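This report concerns only the one structure given below.
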């Protein structure tokens, strides 16, 4: 049988048109009309006077956001513990130390109370954090107002990791507009893809231009190659941006399709009190449901693994939730605040196939295996 992936790329139709246009005009370099047009599409989607720099990855965007926030060697950055490692790795690139903070149970994202506890603790130790990395996990918006209130109180910039949340919103405002800097990802498994790519979202054109400068090897204005600062090769290629242009044309459809998958799982597990589907905690939250996740009661943890193995045997991919960063061997020495919530979620949660290209036959295959346990 065909393999069913957790979240595979889903082309819309016009991607080839824009890629061919790049070939026909010989715009193959990491600059060109597709890059400009893709950035304009993203800026139109986000609104709120935001400016977008298209980059080679979401990780590159987060790295530049940290640099533009003034993070350097010896600094500390507060980071959500329950996330993919790319949220934390760029902190270490700069010689800074990640300070991991646990989640709260309703959105699975960084806990505002523990965030403030961590900031006060670090200040008392003589190390006021330079930035806060807050993540919209699996497309679910974090507690925007509560996190912003803590950040304003201690005058610490927020880097909004919206890698999984393009198309999500909070109180009708799009994710990707809530941070001092925000980052997007267009990796192959995201809701739209450029094969590999990402973007940095800023509040001013001058900050965008600063990011573009750093992402193109920080080349100074000169007839020769002059460099007075360290730069990076982080710009998105014109070819990949062509894929992105086609993908942006179907973004709203992709959100609808992912949310239909979520509704399918809600129906599938509707009679099970001991298995819950991760969903918005209130009407002000709108998730793209990039991944649909289920949480098993403690007594059913063994069943969770059995379902995962049976799905795998039928060539259907599923996966545990993100393992918290404070449990990762590479970060074992990093300070952390709390941990019980994210550890519990990791132990009891499972991500199920959520691609926007799932067919009725795919859903029937998934349902057939899961129903035998329900």
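Assorted remarks:
- Restricting region 143-162 to residues that are touching a residue at least 40 places away in the same chain (Cβ under 8 Å) and in a loop (DSSP other than H, G, I, E, B) leaves a set whose member that is farthest from residue 192 (Cα to Cα) is 156.
- The lone criterion from (1) in contact (Cβ under 8 Å) with a residue 12 or more places away in the chain; (2) out of contact with any strand residue (DSSP E or B) (no Cβ under 8 Å at 6 or more places or on another chain); (3) farther than 29 Å from residue 254 by Cα left unmet by residue 113 is number (1).
- Selection count where residues are part of a loop (DSSP other than H, G, I, E, B), crowded, with 24+ Cβ neighbours inside 10 Å and out of contact with any helix residue (DSSP H, G or I) (no Cβ under 7 Å at 6 or more places or on another chain), scope region 167-189: 2
- Hits in region 191-213 - residues which are buried (at least 24 other Cβ atoms within 10 Å of the Cβ) and assigned to a loop (DSSP other than H, G, I, E, B): 191, 192, 194, 197
- Checking region 41-61 against the condition returns no match, with no residue being touching a residue at least 12 places away in the same chain (Cβ under 8 Å), part of a helix (DSSP H, G or I), closer than 24 Å to residue 132 by Cβ and out of contact with any strand residue (DSSP E or B) (no Cβ under 8 Å at 6 or more places or on another chain).
- Residue among 355, 282 that alone is surrounded by fewer than 13 Cβ atoms within 10 Å (Cβ to Cβ), closer than 24 Å to residue 140 by Cβ and either modelled with pLDDT of 95 or more or touching a helix residue (DSSP H, G or I) at 6+ places or on another chain (Cβ under 9 Å) (or both): 282
- Region 268-319, residues that are closer than 29 Å to residue 174 by Cβ, in contact (Cβ under 8 Å) with a residue 24 or more places away in the chain and outside any loop (DSSP other than H, G, I, E, B): 285, 286, 292, 293, 294, 295, 319
- Among the residues of region 214-249, those identified as assigned to a loop (DSSP other than H, G, I, E, B), surrounded by fewer than 19 Cβ atoms within 10 Å (Cβ to Cβ) and touching a residue at least 40 places away in the same chain (Cβ under 8 Å) are 232, 249.
- Qualifying residue in region 250-257 (condition: touching a strand residue (DSSP E or B) at 6+ places or on another chain (Cβ under 8 Å) and at pLDDT 95 or above): no
- The residues listed here are 28, 4; of these, the one that is touching a helix residue (DSSP H, G or I) at 6+ places or on another chain (Cβ under 8 Å) and modelled with pLDDT under 95 is 28.
- Qualifying positions in region 67-109 - in a helix (DSSP H, G or I) and surrounded by fewer than 24 Cβ atoms within 10 Å (Cβ to Cβ): 67, 68, 85, 86, 89, 92, 93
Let's see how each residue does on (1) farther than 19 Å from residue 60 by Cβ; (2) not assigned by TED's automatic domain parsing to the domain that holds residue 352:
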{"residue": "225", "(1), (2)": "yes, yes"}
{"residue": "234", "(1), (2)": "no, yes"}
{"residue": "238", "(1), (2)": "no, yes"}
{"residue": "257", "(1), (2)": "yes, no"}
{"residue": "263", "(1), (2)": "yes, no"}
{"residue": "266", "(1), (2)": "yes, no"}
{"residue": "269", "(1), (2)": "yes, no"}
{"residue": "272", "(1), (2)": "yes, no"}
{"residue": "276", "(1), (2)": "yes, no"}
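- Across region 328-345, the number of residues qualifying as out of contact with any helix residue (DSSP H, G or I) (no Cβ under 6 Å at 6 or more places or on another chain), touching a residue at least 24 places away in the same chain (Cβ under 8 Å) and crowded, with 16+ Cβ neighbours inside 10 Å comes to 5.
The values are calculated or read from the model by the stated rules, or taken from the named source; none is laboratory data. Note that the structure is predicted; figures quoted are calculated from it, not measured. Don't worry about glycine lacking a Cβ; one is built from the backbone with ideal geometry, like all the others, and counts go over all protein chains shown.
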